[in-house]
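See below for the structure under consideration.
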Amino acid sequence: MCIDINLNIHHSAPQEIWDRLGALYQQMPGWPEAHPKGTEWFAQWFGPDGAERFLSASVEPGGLQIYGQLPEAEWTAWITEFKRRAEEILGYPVGEPEDGFAFHYYDED
């Protein structure tokens, strides 16, 4: 299954939030034991971009983008867990803006 979604996690979130989400990334299924040298910051699970099974995330103006390719049942379990745990970190419902999930905007001071 090809995956390309945006979640309502706005790019204006402070570094403290991104650090906490980064810790969540590392706890999610498929996080590699060691990233290739120079890519420690890269949010990537299961394999490299373009592999038979992979997920990647990036912060975009339209929200936190997650894209890749996984079997449907595995993807459903993965994203359900990610959203649940992200909601605990952020304190608001996490989902796709086109499904009615509102962005939380942060002050950029």
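The values are calculated or read from the model by the stated rules, or taken from the named source; none is laboratory data. Not measured: the values here are computed from a predicted model. Methodologically, a virtual Cβ is constructed for each residue, glycine included, from the backbone with ideal geometry; neighbour enumeration extends over all protein chains shown. We work out accessible area using only protein heavy atoms, side chains counted, and drop any ligands, DNA or RNA first. Shrake-Rupley method; radii C 1.70, N 1.55, O 1.52, S 1.80 Å.
When Ala57 is tested against the conditions (1) open to solvent by 40 Å² or more (accessible area, probe 1.4 Å); (2) of a type in the set (Gly, Ala, Ser); (3) at negative phi, the lone failure is (1). Residues in the range 28-49 that are open to solvent by 50 Å² or more (accessible area, probe 1.4 Å) and at pLDDT 95 or above: 1 in all.
Screening Leu90 with (1) at positive phi; (2) touching a His at 6+ places or on another chain (Cβ under 8 Å); (3) not acidic (Asp, Glu) gives one miss only, at (1). Ala86 meets all of the listed conditions (1) surrounded by fewer than 15 Cβ atoms within 10 Å (Cβ to Cβ); (2) closer than 23 Å to Pro14 by Cα; (3) not charged (D, E, K, R) but one, namely (1). Filtering the range 80-109 to residues that are touching a helix residue (DSSP H, G or I) at 6+ places or on another chain (Cβ under 7 Å) and either of a type in the set (Phe, Trp, Tyr) or within 16 Å of Gln26 (Cα to Cα) (or both) leaves Arg85, Ala86, Ile89, Phe103. Where residues in the range 60-83 are among the polar types (S, T, N, Q) and not in a strand (DSSP E or B), which of them is least open to solvent (accessible area, probe 1.4 Å)? Looking at the filtered set, the residue picked out is Thr76.
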